[in-house]
Amino acid sequence: MLEHRRQVRYGSKIALKHVVTGRFLSCIKGMRYDTGFKQHMAFCNSWQPDKLQDLWIVIPACEQHVKSGNPVPFNSVIGLKHQQSGLNLHSHDIDSPPTKSPVTKQQEVTCYGRVMEWNGHDGPPDVNDNWLLQRHSTTSNYDNSGYWEVGDIISLRHTNTKRSLSSHDFMMNNGFQEVTCHADGHEENHKVRLSFSYPIIYDQLR
């Protein structure tokens with residue numbers, strides 16, 4: 001029963017901590033990049049999770065239909081919807097058009113999409129919102145058995161560009177820690193830990 005409660009499910013509200021720096025993945029509604037497509041910033045900020053800015057809803061991949069409450073297996077392609085803004089974690093090709101991150105000039109990560117509540121079963125319409133969920137590995141051999149649970153250290157690979165979600169001790173001009181996509185996901189900076197997951201209130205997702 002305890003294992004059942006620790007599992008992440010579609011519709012779960014989660015907080016993701018960058019392992020190396022200890023900061024949580026975040027977004028603030030209305031805060032946009034000055035460069036690239038000028039979409040909303042994705043960044044890491046506080047060492048303690050902010051229940052307004054740091055919560056993400058686990059949703060299916062683009063144009064996929066998965067019922068809320070289903071557990072999330074490793075090696076799944078998923079989406080992450082920022083709870084406060086309603087936007088989806090997003091990235092795009094670094095070369096077309098040039099949309100490099102502001103500090104390290106790696107692949108930009110943003111929050112983007114139609115602002116809407118998740119309906120409990122459908123994925124977003126944009127393939128650039130798709131992320132491959134894997135247990136973190138320093139090699140190309142992944143243990144992708146079982147289901148995603150609280151405490152797991154993962155990597156998230158952007159499926160369209162094959163680069164992995166990353167962060168580092170580089171700060172943007174606003175003082176927030178830059179988040180990018182970079183390389184193949186085997187580095188320490190690619191490690192993300194699921195810090196906690198709120199249980200799903202099924203009545204809200206029907």
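The number of residues in the range 8-42 that are assigned to a loop (DSSP other than H, G, I, E, B) and at negative phi comes to 17.
Listed by first and then second residue, the pairs linking a residue in the range 189-206 that is more than 14 Å from ASN119 (Cβ to Cβ) and assigned to a strand (DSSP E or B) to a residue that is modelled with pLDDT under 90 and open to solvent by less than 100 Å² (accessible area, probe 1.4 Å), with Cβ atoms under 8 Å apart and 6 or more places separating them unless they lie on different chains, are SER197/ARG6. A residue that is modelled with pLDDT of 95 or more, of a type outside the set (A, V, I, L, M) and within 16 Å of VAL150 (Cα to Cα) occurs somewhere in the range 23-34.
Tell me yes or no: at least one residue of the range 162-176 is in a loop (DSSP other than H, G, I, E, B) and of a type in the set (Lys, Arg). Scanning the range 162-176, I find at least one residue that is in a loop (DSSP other than H, G, I, E, B) and of a type in the set (Lys, Arg), so the answer is yes.
Candidates ASN141, ASN173: the one that is more than 28 Å from GLY69 (Cα to Cα), free of Cβ contacts under 8 Å to residues at least 12 places away in the same chain and open to solvent by 20 Å² or more (accessible area, probe 1.4 Å) is ASN141. Within the range 33-64, the set of residues being farther than 21 Å from HIS168 by Cβ and either over 14 Å from the mean Cα position of the chain (by Cα) or not β-branched (Val, Ile, Thr) (or both) comprises PHE37, LYS38, LYS51, LEU52, LEU55, PRO60, ALA61, CYS62, GLU63, GLN64.
This table checks each residue for (1) open to solvent by 50 Å² or more (accessible area, probe 1.4 Å); (2) under 20 Å from ARG157 (Cβ atoms).
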| position | (1), (2) |
| --- | --- |
| GLN7 | no, no |
| HIS18 | no, yes |
| GLY36 | no, no |
| ALA42 | no, yes |
| ASP54 | no, no |
| ILE59 | no, yes |
| GLU63 | yes, yes |
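With respect to the conditions (1) closer than 20 Å to MET171 by Cβ; (2) of a type in the set (D, E, K, R); (3) open to solvent by 10 Å² or more (accessible area, probe 1.4 Å), LYS67 falls short on a single one, namely (1). Here is a list of conditions, (1) of a type in the set (A, V, I, L, M); (2) open to solvent by 30 Å² or more (accessible area, probe 1.4 Å); (3) within 16 Å of GLU149 (Cα to Cα), and VAL72 meets all of them except one; can you say which number that is? Among (1) of a type in the set (A, V, I, L, M); (2) open to solvent by 30 Å² or more (accessible area, probe 1.4 Å); (3) within 16 Å of GLU149 (Cα to Cα), VAL72 violates only (2). Within the range 68-85, the residues that satisfy the criterion of being in contact with a strand residue (DSSP E or B) (Cβ under 9 Å, 6 or more places away or on another chain) and either under 14 Å from TRP118 (Cβ atoms) or of a type in the set (Val, Ile, Thr) (or both) are SER68, GLY69, ASN70, VAL72, VAL77, ILE78, GLY79, LEU80, LYS81, HIS82, GLN83, SER85.
Looking at the structure I just gave you, is ILE78 of a type in the set (A, V, I, L, M, F, W, C), surrounded by 15 or more Cβ atoms within 10 Å (Cβ to Cβ), within 22 Å of ASN189 (Cβ to Cβ) and over 16 Å from the mean Cα position of the chain (by Cα)? For ILE78, the condition - of a type in the set (A, V, I, L, M, F, W, C), surrounded by 15 or more Cβ atoms within 10 Å (Cβ to Cβ), within 22 Å of ASN189 (Cβ to Cβ) and over 16 Å from the mean Cα position of the chain (by Cα) - is not met. Going by the conditions given, is LEU194 modelled with pLDDT of 95 or more and either in contact with a Cys (Cβ under 6 Å, 6 or more places away or on another chain) or crowded, with 19+ Cβ neighbours inside 10 Å (or both)? No; evaluated as a whole, the condition is false for this residue.
The values are calculated or read from the model by the stated rules, or taken from the named source; none is laboratory data. Being a predicted model, the structure only gives us computed values, none of them experimental. Positions of Cβ are generated from backbone atoms using ideal geometry, with glycine treated the same way; all protein chains shown enter the neighbour counts. Accessible surface is based on the protein model in full, side chains and every heavy atom, while ligands, DNA and RNA are left aside. Shrake-Rupley method; radii C 1.70, N 1.55, O 1.52, S 1.80 Å.
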